[in-house]
Amino acid sequence: MYIKFKLRPSNENISEDSGKVEPIGILPPDTGAISRDEKDTRPLLFLAKDFQSRVNAETGVRYIFQLQVRPVPQDEATRDIALDCTKPWNEAEFPYTDVGEININHNLSAEESEQLNFNPFVKCQEVDVIRASSCSQSASIDHGRSLIYEICQHLRNGEPLPEAWKMFVEQSDVKVDLSGCPMAAALQKKDSHTVTLERTVFQTLWATFAQPFLQTVLPHFLLALVIFYPLSLALHMKNVQKLALHWLFPLFWVSSGCLAGLACVVAKWVLVGKKKEGEAIQMWSLGVFLDTTWQAFRTLVGSYFMEMTSGSVLFVLWMKLMGSEIELRQGAYVDSMGALLNPEMVEIERSGCVGREALLFGHIYEGDGGKVKFGKISIGEGGFVGSRAIAMPGVIVESGGSLSALSCHERRNYQVKVENRQDQADIDYDK
């Protein structure tokens, strides 16, 4: 079902079109905003102040909450017209239904208002935002609006944008000038910041010469040391026990692979230690250099042997030894080396599942002072992360929830969940 909702004044003497503004021309292409009349001397926020004064009145502000419901059209063209938020539905065919009354009688402070998480994605699970796959679809207007709400909340509160949102804004084809917006105009940059990826000469030399050595030569040297002793034992048994070498090689490969996995565990705790949720470290710090060195060794050990154990209890045990919180007794299933980017940031309850080549990023670079930030990824009981899905820090897959294959989810203030009930109707809402 498609649903539109609206608030109409409880006082029936007030027309719903009383605040309608007649267009006086084409909207400017650079800002897309209606220009202010030169003779208008009222304050920019006069409407907000008028609303606040009416809220403080004895009766407050009262609205009637109404819904308009229609079946999802089968024809694609009709469906696209139905999703066009600029075109009203036929009220004779789809009448509005009074659902309840909303009474607003208290004003929040400016600080409290700025912290409000107003976003259509914050919703009950019986409804959903109608998503668009291209800008030519009518649903793209409301879908884009829901994304802009979250971006604006970060800007209002002076918080750095997540990297995904920052790229979204920077790569936009249309550059919007917000200078005419009173909320945006109030944001003043008090001081300038240096480039967040700025580094010293020593750090540049280290990253250019020393770090490549640590990430290539050192991991192979450590793996060679691990392989040397099982290989020596196999050759000794061939010479002394006169055993055929082709029978000894499988034993050598499995034993050296398990030893390499244990060496990776030791290297993890020696070089990296245990990161804490919410911890942030400088991009060019020693901790990041050591972490990248361990990541190189982990990748090499995975290619040598451990990646072949993915999906088995041996792989889950390997993750647990490196700090992951995983339920071993109830069959957690992990089939991806991408779950080991930050092992201590991964929590998987019983029967949780991580599909092939899924990526669980326990860290993210958000550009805040050139720091790398860490955050947990939790998969509840029976939760599922699909093949090649990407989960960023802070993502929570509730019990029975699912992240579909090839999807990307970053931290939000809601939890990703899929209802298992077959009798639950799918309801989308527009606006």
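Structure summary
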| quantity | calculated |
| --- | --- |
| Some residue of segment 328-336 being out of contact with any helix residue (DSSP H, G or I) (no Cβ under 7 Å at 6 or more places or on another chain), open to solvent by less than 50 Å² (accessible area, probe 1.4 Å) and under 24 Å from L271 (Cβ atoms) | yes |
| Test result for K275, more than 20 Å from V301 (Cα to Cα), surrounded by 14 or more Cβ atoms within 10 Å (Cβ to Cβ) and of a type outside the set (V, I, T) | yes |
| Any pair with Cβ under 9 angstrom, 6 or more apart, that starts in segment 240-254 at a residue that is touching a residue at least 40 places away in the same chain (Cβ under 8 Å) and closer than 15 Å to Y304 by Cβ and ends at one that is open to solvent by 80 Å² or more (accessible area, probe 1.4 Å) and of a type in the set (A, V, I, L, M) | none |
| Tally, over segment 38-70, of residues that are of a type in the set (V, I, T) and either open to solvent by 50 Å² or more (accessible area, probe 1.4 Å) or part of a loop (DSSP other than H, G, I, E, B) (or both) | 3 |
| Pair list, Cβ < 8 Å and 6+ apart or interchain, from segment 350-374 residues that are closer than 12 Å to E279 by Cα and open to solvent by less than 60 Å² (accessible area, probe 1.4 Å) to residues that are among the aromatic types (F, W, Y) and modelled with pLDDT under 90 | V372/Y365; K373/Y365 |
| Meets criteria (among the acidic types (D, E) and surrounded by fewer than 16 Cβ atoms within 10 Å (Cβ to Cβ)) for E347 | no |
| Whichever residue in segment 405-431 is out of contact with any strand residue (DSSP E or B) (no Cβ under 8 Å at 6 or more places or on another chain) and open to solvent by 70 Å² or more (accessible area, probe 1.4 Å) and, among such residues, is modelled with the highest pLDDT | L406 |
| Filtered residues of segment 153-166 (kept if touching a residue at least 12 places away in the same chain (Cβ under 8 Å) and over 15 Å from the mean Cα position of the chain (by Cα)) | Q153, L155, R156, N157, G158 |
| Some residue of segment 80-90 being among the hydrophobic types (A, V, I, L, M, F, W, C) and open to solvent by 50 Å² or more (accessible area, probe 1.4 Å) | yes |
| Filter result (free of Cβ contacts under 8 Å to residues at least 12 places away in the same chain and not hydrophobic (A, V, I, L, M, F, W, C)) within segment 310-347 | S312, K320 |
| Residue in segment 290-302 that is under 21 Å from I348 (Cβ atoms), surrounded by 15 or more Cβ atoms within 10 Å (Cβ to Cβ) and within 25 Å of the chain's Cα centre (by Cα) present | yes |
| Top-ranked residue of segment 38-84 - restricted to ones that are among the basic types (K, R) and touching a residue at least 12 places away in the same chain (Cβ under 8 Å), ranked as nearest to I3 (Cα to Cα) | R70 |
| Matching residues, segment 346-394, being basic (K, R), over 16 Å from the mean Cα position of the chain (by Cα) and not in a strand (DSSP E or B) | R350, R356 |
| Failed item, numbered, when G369 is tested on (1) modelled with pLDDT under 90; (2) on the phi < 0 side of the Ramachandran plot | (2) |
| Subset tally (residues that are among the acidic types (D, E) and more than 30 Å from Q137 (Cβ to Cβ)) for segment 41-80 | 2 |
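The values are calculated or read from the model by the stated rules, or taken from the named source; none is laboratory data. All values reported here derive from a predicted model rather than from experimental measurement. Every residue, glycine as well, gets a Cβ built from its backbone with ideal geometry; the counts of neighbours run over all protein chains shown. Calculation scope for accessible area: heavy atoms of the full protein, side chains included, ligands and nucleic acids excluded. Shrake-Rupley method; radii C 1.70, N 1.55, O 1.52, S 1.80 Å.
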